[in-house]
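What follows is one structure encoded as structure tokens, with my remarks underneath.
We did not get these values from a lab; they are worked out from the coordinates using the rules stated. Keep in mind the model is a prediction, meaning the values are calculated, not measured. Cβ: placed from backbone, ideal geometry, glycine included. Neighbour counts: every protein chain shown.
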Amino acid sequence: MLSLVTPMDEGPELMLDAAMNDDFLIPAGKAPGLRMPEWSHYRGQPIDLSRRRSVIVRQLSTGLSVSDVEYLTVDYFLHEGLFRTAVIPVNGVSDVYGQAFNFSAAKTRKTPHGTEVLRNRQGLPKRKLPILNHVQSRFHFRPGAVIQLYELFDEALTDPVAETDDFIYSLEVTGPHGVKFNMIDGLRGNLLSAHRMLSTREMVFERLVVENQTVTESPALPLSEAEKRELLLESLFRSHRAGLSEPYYLYRICGTNNCTSSPFQILDRVVQYSFPERIGSLLYRLPLNPRFYLRIRGLDSNPGQRTLVRDEFREYIDSPATRARKREYVTRTNAERKVRRHKTEICSRSQHDS
């Protein structure tokens, strides 16, 4: 059954300079009132909302019934570097895939010809910390059931600016500017959870083009049409409910809230398992082995298959436009980092002088 809880009715509230409902609807990068909550080590600091935040499902915000809708209107869908309003056909999902990548450094060794990356039997780089895996869901839509994208907060919804036929659901951390995921903050719950919805091509730009990650994809999950629809709805509603109210916990005995636990908990609410599979579904808290988690749920139709997302998007990755966007993105990011470092040095000198 779908859980239709109103947004932000659970968990601690954010510290705001103005009313929550006002600031929550301001576009990313233009919401100076959104600050880290009291329970965070970074309490009071402005939140970086430039690329990571949960979505708002308009029908839920206005109290409309969603039990039999054909389309949902979603704000803060990320595509081509901009937040958009997306109109999503909820009956249009053709396939759902599991994706994963390990974000620890690759193992290497010195050779007479230089440094060599060590690889496993599948030809993928071996990692120094095999348990640090990021998990995300990919929803692909049938022809004729594409997602229409509009300017953010467009009310008329008559002139789409783009469209896409697939997107990613991904829980990631966000926090103050310049603070990235780290083990200490992840275990202590100092950062916020952002339940992101972004086009698959935008994920490719972030993870493959900029970060050079190795993202693998499972075969399509063996789901019924009803399960595909419900999984889509549950993912959207989960993001909407979370808003910017939830701490990210890499691990807790009760209350784990990380990139692995969230998509698997959503999956477990939707899929009807046999008894052994239901026992297997108890494994979800730690990002140890995502494909094994699918296998013990009976959802990995070909355990030996490791599809590389890079192969599917090779033309986009190698295009001159994508290369130019990467150069601009890296230049801007480095400039912003330099400004933050300069401000930190000024503050440190000021505190030392006083």
> What's the local net charge at residue 338, with K and R +1, D and E -1, over the other residues with C-beta under 12 Å away?
Replying inline: +3
>> Cβ neighbours within 10 Å, averaged per peptide: list 171-181, 321-331 in order, most packed at the top.
In response: 171-181, 321-331
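How much net charge surrounds residue 218 when only the other residues with a Cβ under 13 Å from the Cβ of residue 218 are counted, with Lys and Arg +1 and Asp and Glu -1?
Neighbourhood net charge equals +2.
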> Which of the peptides 194-206, 55-67, 151-163, 127-139 is most tightly packed, and how do the rest follow, going by the mean number of other Cβ atoms within 10 Å of each residue?
Replying inline: 194-206, 127-139, 55-67, 151-163
> Which lysines have a Cα lying under 24 Å from the Cα of residue 107, excluding residues fewer than 8 positions away in the same chain?
Replying inline: 126, 128, 180
> What is region 212-354 by shape, rounded, prolate or oblate, if you read a ≥ b ≥ c off the alpha carbon gyration tensor as root eigenvalues and call it rounded for a/c under 1.5, prolate for a/b larger than b/c, and oblate otherwise?
Replying inline: oblate
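When the helices in the chain are scored as -39500 (n - 2.57) per DSSP H run of 4 or longer and the sum is shared across all residues, what 222 nm value do you end up with, to the nearest 500 deg cm²/dmol?
Details: 11 runs with 103 residues, N = 354.
Mean residue ellipticity at 222 nm (helix-derived): -8500 deg cm²/dmol.
To the nearest 0.05, how large is the calculated FRET efficiency for residue 312 and residue 61 if R₀ is 30 Å and r is the Cβ-Cβ distance? Don't skip to the answer; put the middle values down first.
Values: r = 35 Å, r/R0 = 1.15.
Efficiency for this residue pair is about 0.30.
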> So which residue, out of 334, 212, 289, gets the largest mean-square fluctuation from a GNM of the chain using Cα contacts under 10 Å as springs?
Replying inline: 334
>> Let me make sure I get this right: for region 302-346, a, b and c are the square roots of the gyration tensor eigenvalues over alpha carbons, sorted descending. Under 1.5 in a/c it's rounded, otherwise prolate if a/b > b/c, else oblate. Which is it?
In response: oblate
> Considering the values (1) 58, 47, 45; (2) 67, 48, 36; (3) 67, 65, 47, which represents Cα extents along the principal axes in Å as calculated for the structure under consideration?
Replying inline: (3)
> Are there GluC sites (Glu not before Pro) in region 31-93 that DSSP puts in a loop and that have at most 11 other Cβ atoms within 10 Å, and which ones?
Replying inline: 38, 70
